[in-house]
Amino acid sequence: MNKRIKTLFIRPNAINDHQLSAMDHFAIEASKSGKYEIYFRGSRPTKTENLNIKYLGNYPVRKTPVSALNYFLSAISVASQCKNIGPDLVHIKYHRAARFLAQLIRWKVPKAKIVLDIRTLHTTQKIYEKMKQSVIKTSRLFDYIFALNQDILDEYTDSSVPASLLPLGYDPAVFFLPDKPLKRKKLSTLKCIYYGSMNRQRTLEVLIFGLLYALEQGALVEASFFGGGDDKSRLESLVPEKYANCITFHKSIPAEQLTSFMHQSHVGLAYVPVNNLFDPNLPLKTIEMAATGIPILATGTRGNSLIIRQNINGRLVDDNAKAIGKELLNIYKTGFSLRGETVNLKEYQWAALTETYLLPVYKKLVKE
């Protein structure tokens, strides 16, 4: 029997521990292959008790405020565990201490192959160059780099280090078509759903003002927002009292409940700002909404355009409140002309992404 490859995933604690992150899904799918002995350092999501994964404790580097000591102690703890485990592969999600952590692991386990996984880099133009140089220096310490989109690979990594994409996906056991599709013609009320981060950089006020435009023009709209973030209170304050029952805000809920809400809604709102930070990303919410069959109203980012087929499973609009509001008003007045047909999303399922993008790289690194 071939020896299983010891693989350690390291992810800073998740903001919503009940939700599985991309790294959680990739660890789960790798464990299912039977060729990998999976270890995981990071907060343990709910409903993962029966998985064949050895969880090694939290990796708390997202505390506010984040201190240098906090990063240092977390990295020291992980490096000590690496020495005891002796992993063949270490897969690290990018964070501010990734460079220091890689150096420690190299010292403790010289033979281990170390992979850097770069998701969306939250930055602004003001600090772009400084952060860019920092990430490039960090990337040089790794044997391989995965990135969420091509822009990250082109601008934030050293070209001398082998690299490839590792896209987002969805779980077909959670996001699926309803047994009885919701009738979407002759609407008395247009029910919409948005979910995800509500941080200031996501400029969700544009979506709020678009909804308010449609309401002011006479559309009966009910929009439910699910999630949390540093901008949530401000966004709530933008809604006039007379529309407080039309635009409502809720806490984050498990994915299974989101699917149920989508099955009961007429439109999924996949608002993503059209800017350099978000434009190239394929949003997780867009994939998940499409998998449930709900028609999607989305901004025309490059990422959204990969999933949305105009007038088939959704509509793409400009990133401004009036364009969003006019489209919502049009949908309300004319009945739902979108067919809500699903596109073939099998390639975006976590199992398929793992087989296509992740495991071939692992095999090459450990020279199976």
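Summarising the strand pairing of the chain, around 0 percent of its internal DSSP beta bridges are antiparallel. The spacing between region 287-306 and region 199-243, judged by their C-alpha centroids, is 19 Å. Need one number: the % of Cα-Cα pairs in region 225-294 sitting beyond the 19 Å mark. Summing the P(r) of region 225-294 above 19 Å gives 46 percent of all pairs. Largest accessible area first, the residues 362, 348 order themselves as 348, 362 under a 1.4 Å probe with ligands, DNA and RNA left out.
Determine which lysines satisfy two conditions relative to residue 326: a Cα distance under 27 Å, and not lying fewer than 8 residues away in the same chain. Partners found: 183, 185, 186, 191, 232, 242, 285.
Any number yet on Rg/Rh for region 186-273, C-alpha, Kirkwood? Rg/Rh for region 186-273 comes to 0.94. Carbon-plus-sulfur fraction of the accessible area of the chain, 1.4 Å probe, in percent? In the chain, the share of accessible area belonging to carbon and sulfur is 51 percent.
Cα centroid separation, region 17-45 to region 148-168: 22 Å.
Cross-link pairs exceeding 20 Å in C-alpha to C-alpha distance, out of 93/346; 93/367; 6/35; 6/132; 93/251, comprise 93/346; 93/367; 6/132; 93/251. Cα-based values for region 277-337, radius of gyration first and Dmax second, are 11.5, 35 Å.
Protection proxy ranking of 305-318, 261-274, by the mean of other Cβ atoms within 10 Å over each peptide's residues and highest first, is 261-274, 305-318.
Two tests apply to each whole DSSP H helix in the chain, Cα reach of 24 Å or more along its axis and mean Kyte-Doolittle hydropathy of at least -0.5, and the ones passing both are 68-85.
Okay, helix-only estimate at 222 nm for the chain: each DSSP H run of n ≥ 4 adds -39500 (n - 2.57), divide by all residues, round to 500 deg cm²/dmol; what do you get? That comes out to -10000 deg cm²/dmol.
The values are calculated or read from the model by the stated rules, or taken from the named source; none is laboratory data. Bear in mind the structure is a predicted one, so any value in this text is a computation, not a measurement. Cβ: placed from backbone, ideal geometry, glycine included. Neighbour counts: every protein chain shown. These accessible areas exclude ligands, DNA and RNA; they are computed on the full protein's heavy atoms, side chains included. Shrake-Rupley method; radii C 1.70, N 1.55, O 1.52, S 1.80 Å.
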